[in-house]
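Below: the structure, in structure tokens.
The values are calculated or read from the model by the stated rules, or taken from the named source; none is laboratory data. None of the values given here were measured: they were computed from a predicted structure. Methodologically, a virtual Cβ is constructed for each residue, glycine included, from the backbone with ideal geometry; neighbour enumeration extends over all protein chains shown.
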Amino acid sequence: MKNERWPLVVITGPTATGKTAVAIEVALRLKGEIISADSMMVYRGMDIGTAKPSLEERRGVPHHLIDVVEPDQHFSVGAFQAMVQELIPAIHQRGHWPLLVGGTALYLRAVIDGYTLAVEANRELRQRLLEEARRLGTAHFYEQLRAIDPQAAAKIHPHDRKRLVRALEIYYQTGKPPSELQRQAPPPYRVLMFGLHLPRTELYRRIEQRVDAMIAAGLVEEVRRLLERGISPQATSMQGLGYKEIAAYLRGEVSWEQALYLLKRNTRRFAKRQLTWFRRDPRIRWLDVTRHAGVEDLAEEIVRQVQDYFAS
């Protein structure tokens, strides 16, 4: 079993394209189990803002790496990678298909490309860098990283503060460019990747609808409960879309109208960044959601391609 290459199906795409619903339909047809590749769904008690599927919505399909840690706990891409490396062969040994589903690009890369960083986080250094980033702006940090490591900078969006800070944190701890410390271990998987696509106007319309639905479902109350529990607004979990904007409103830093505007705007920008990243990967087979009759039709198309691909 040591050298076996496990089949792995990936379903990704920007937020609000319907990945979760499609993946559940695929899993029902393939006898599959879903591994969440969403960096926010790992947190317990953060359900509405993460669009976490309820037990009823999961329809009996096993879901993994959801509700793994508390919102005030640290969870790294390395921890995610290690868990998935154990999950995939275990799922196959049960006679099921592993479906890696989500839109967190770094989590996906950690699994399918064996991307790792052999440097532990330094929280004190990271906090100092975050404070500098807030004071000086991400453009300053991006230029700094580009001077140190052009290869690493080319893979990071100039406004992605979190990843810019992480790259500089690695450099200051080791004295080496981050790209030198990245290692590509050939993963033991045969990967078939699908990306769900929507025309921009339709995607933005769905984002508006999703945000409105989250508010109606009680997002404000969910964030209030987290703050009342003592979860810091600066915690990594609280930097997720929906949480930082609503937390700012509850703390009186912005008006309700501003919070709602920022949440919708930031979600649109996030979706645009996701699409930019995913478009760079030629392995992804893109499926236009609007050209299919619905979720079941999309699932049937994915299942057909999976069966053809792995039969060859």
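Is it the case, given these coordinates, that L65 is of a type outside the set (G, A, S), at positive phi and under 18 Å from the mean Cα position of the chain (by Cα)?
yes
Out of all the residues in the range 247-282, which are in contact (Cβ under 8 Å) with a residue 40 or more places away in the chain and surrounded by fewer than 13 Cβ atoms within 10 Å (Cβ to Cβ)?
Answer for the range 247-282, where residues must be in contact (Cβ under 8 Å) with a residue 40 or more places away in the chain and surrounded by fewer than 13 Cβ atoms within 10 Å (Cβ to Cβ): just T276.
Pick out, from the range 12-124, the helices (runs of 4 or more DSSP H) lying fully within it that include 1 or more residues that are in contact (Cβ under 8 Å) with a residue 40 or more places away in the chain.
Ranges flagged: 19-30, 77-93, 105-112.
Can you give me the ranges of the helices (runs of 4 or more DSSP H) entirely in the range 150-189 with at least 1 residues that are at pLDDT below 85?
So the answer is 161-174, 178-181.
Starting from residues that are of a type in the set (D, E, K, R), under 17 Å from T15 (Cα atoms) and out of contact with any Ser or Thr (no Cβ under 6 Å at 6 or more places or on another chain), keep the ones in the range 36-76 and report whichever is surrounded by the most Cβ atoms within 10 Å (Cβ to Cβ).
K52
Each row is one residue, and each column tells you yes or no for (1) at pLDDT 95 or above; (2) under 21 Å from E222 (Cα atoms); (3) in contact with a strand residue (DSSP E or B) (Cβ under 8 Å, 6 or more places away or on another chain); (4) not hydroxyl-bearing (S, T, Y).
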| residue | (1), (2), (3), (4) |
| --- | --- |
| N3 | no, no, no, yes |
| I11 | yes, no, yes, yes |
| T17 | yes, no, yes, no |
| V22 | yes, no, yes, yes |
| A27 | yes, no, yes, yes |
| G45 | yes, yes, no, yes |
| K52 | yes, yes, no, yes |
| V69 | yes, yes, yes, yes |
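Out of G45, G49, G78, report the one residue that is among the small types (G, A, S) and over 28 Å from E228 (Cα atoms).
G78
Restricting to helices (runs of 4 or more DSSP H) lying wholly in the range 202-312: which have 1 or more residues that are at pLDDT below 95?
256-279, 295-311
Scan the range 18-64 for residues that are small (G, A, S) and more than 17 Å from L298 (Cα to Cα) and report the count.
8
Please give the number of the condition L117 fails out of (1) more than 23 Å from R273 (Cα to Cα); (2) modelled with pLDDT under 85.
Tallying (1) more than 23 Å from R273 (Cα to Cα); (2) modelled with pLDDT under 85, L117 fails exactly one: (1).
Using the structure shown, decide if V191 is under 27 Å from S76 (Cα atoms) and either of a type in the set (S, T, Y) or in contact (Cβ under 8 Å) with a residue 60 or more places away in the chain (or both).
Yes, satisfied.
Quick check on the range 129-172: of everything there that is more than 25 Å from the chain's Cα centre (by Cα) and not hydrophobic (A, V, I, L, M, F, W, C), which residue is surrounded by the most Cβ atoms within 10 Å (Cβ to Cβ)?
Within the range 129-172, the match that is surrounded by the most Cβ atoms within 10 Å (Cβ to Cβ) is Q144.
Please tell me if A147 is at pLDDT 85 or above, within 23 Å of L275 (Cβ to Cβ) and of a type in the set (A, V, I, L, M).
Taking the combined requirement at face value, the residue does not satisfy it.
Could you check L192 against (1) of a type outside the set (D, E, K, R); (2) in contact with a strand residue (DSSP E or B) (Cβ under 9 Å, 6 or more places away or on another chain); (3) in a helix (DSSP H, G or I) and say which number it fails?
(3)
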